[in-house]
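Remarks on the structure that follows.
The values are calculated or read from the model by the stated rules, or taken from the named source; none is laboratory data. Note that the structure is predicted; figures quoted are calculated from it, not measured. As a convention, Cβ positions derive from the backbone with ideal geometry for all residues, glycine included, and neighbour counts pool all protein chains shown.
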Amino acid sequence: MLSYADYLQLLPKTELHCHFTSTMTAELFVALAGKHGVELPTSDPAHLFAYADLREFLVGFELAHDVLRDPEDIEAVALEGVRVGVEAGLRYREYYVNPQYFIARGMSYADVIDPLISGLSAAEAQYGVGFRIVVAVNRAESGAEAIRLVELMAENPRPSVVGLGMDDLTPEGLEAPERFAEAFALARSAGLRLTAHVGETDRSEAHSVRFAMHDLGVDRIDHGYRVLDDPDLVAEARERRLPFCATPVSTTICSDWQLTPDHRIARMIEAGLAVNVSTDDAMFFRTDIGREFREALPALGVDAATARRIAFNGIDAAFCDDDQKARLRSQFTAEFTALDALFQRDALLPED
Ligand SMILES: [Zn+2]
């Protein structure tokens, strides 16, 4: 018997809004902390990931970078993260990585990126999950540091590193996308795709989303929930089919929003925006891409047809090439057909 939850769990999925460090499993986090003598508040995963808000989470997020010191640590996390994801229907993933955290710990840009690529390539060979990498500007650092980061990307080109994003908050606790406009312009002129975390919490504003769309010229938005406060911007985003990479479970922790049909993500879907769904920080929020579909989508009032569209939206929004997108679309279509046949048959069973 295939329930709706099973159907959503098995549905083929992309994941675009996914921070690499957060794809670590709790067990690997504790093991790597032991390997490098990094002291954790507790080794019990049940208590390791309790946060009052976004800022508290960000402290834990930074700590996770302390345990990734050797190339083999990064490769191990890459492989294990895909293994776990594939069990939940993962077929393609994009990773946000913050080289600035690692550079501050004495590693070079290439020390971080190259093992990441080799780990994800091994995972692709083993599990068939394709990938791209988006380098993310850490907003706790300055605009000048962000420019330096884009220069490092240009000095170390890698075919699978295709975009620039921005995450974290400024030292004042703001999104302030305008602070990084110059770095984004430089990235755009270097041919990189652009995305940005904006309009995430109640502390942010629709203005951040507007700035990212109009002034940074992003190709997609991470979170962007505050867009709803600006109806003109909603209409424009709908018209442009601008993708929003939403992360339902994280909003219950970072913003204390309940997953109901009145949630901002549900209203964005209702408004016709091109929403796709990801975990954001799976380990920290104790979620995975299966749970985002299986638990969050029904709570948001999303039906099967909309869930399939959300899965397809992820392909549309991906930064990979058109050939890979075409392959994903045919793979998803075939899997949808097989799953739909099972789901419809089982949905009819009680009436037989
Ligand atoms: Zn994020």
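What to note about this one:
- Residues that are in a loop (DSSP other than H, G, I, E, B) and either under 13 Å from the mean Cα position of the chain (by Cα) or within 16 Å of the ligand (Cβ to nearest atom) (or both), drawn from the stretch 276-326: SER278, THR279, ASP281, ALA282, MET283, PHE284, PHE285, ARG286, THR287, ASP288, ALA318, PHE319
- Some residue of the stretch 28-47 being buried (at least 19 other Cβ atoms within 10 Å of the Cβ), touching a residue at least 24 places away in the same chain (Cβ under 8 Å) and among the β-branched types (Val, Ile, Thr): no
- Listed by position, the helices (runs of 4 or more DSSP H) inside the stretch 1-56 whose residues that are within 21 Å of the chain's Cα centre (by Cα) and either away from the ligand (no atom under 16 Å from the Cβ) or of a type in the set (Ser, Thr, Tyr) (or both) number at least 3 are 4-10, 26-36.
- Residue match in the stretch 44-60 (condition: at pLDDT below 85, hydroxyl-bearing (Ser, Thr, Tyr) and more than 22 Å from ASP168 (Cα to Cα)): no
- Pairing each residue of the stretch 4-27 that is more than 19 Å from ALA311 (Cβ to Cβ) with any residue that is hydroxyl-bearing (Ser, Thr, Tyr) and within 16 Å of the ligand (Cβ to nearest atom), provided the two are 6+ apart or on different chains, yields C-beta distances under 7 Å for HIS19/TYR96; PHE20/TYR95; PHE20/TYR96.
- The residues in the stretch 213-248 that are crowded, with 21+ Cβ neighbours inside 10 Å and either without any contact (Cβ under 8 Å) to a residue 12 or more places away in the chain or within 12 Å of the ligand (Cβ to nearest atom) (or both) can be counted, and the count is 7.
- Annotation for the stretch 18-33: no member residue is over 23 Å from LEU79 (Cβ atoms) and of a type outside the set (Lys, Arg).
- Matching residues in the stretch 194-212 - criterion: being charged (D, E, K, R) and within 16 Å of the ligand (Cβ to nearest atom): GLU200, ARG203
- Any hit, the stretch 269-282, residues being farther than 28 Å from VAL77 by Cα and out of contact with any helix residue (DSSP H, G or I) (no Cβ under 9 Å at 6 or more places or on another chain): yes
Conditions tested, residue by residue: (1) in contact with a Gly (Cβ under 8 Å, 6 or more places away or on another chain); (2) within 19 Å of VAL86 (Cβ to Cβ); (3) in contact (Cβ under 8 Å) with a residue 60 or more places away in the chain.
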{"residue": "GLY272", "(1), (2), (3)": "no, no, no"}
{"residue": "THR287", "(1), (2), (3)": "no, yes, no"}
{"residue": "GLY290", "(1), (2), (3)": "yes, yes, yes"}
{"residue": "ASP316", "(1), (2), (3)": "no, no, yes"}
{"residue": "ALA341", "(1), (2), (3)": "no, no, no"}
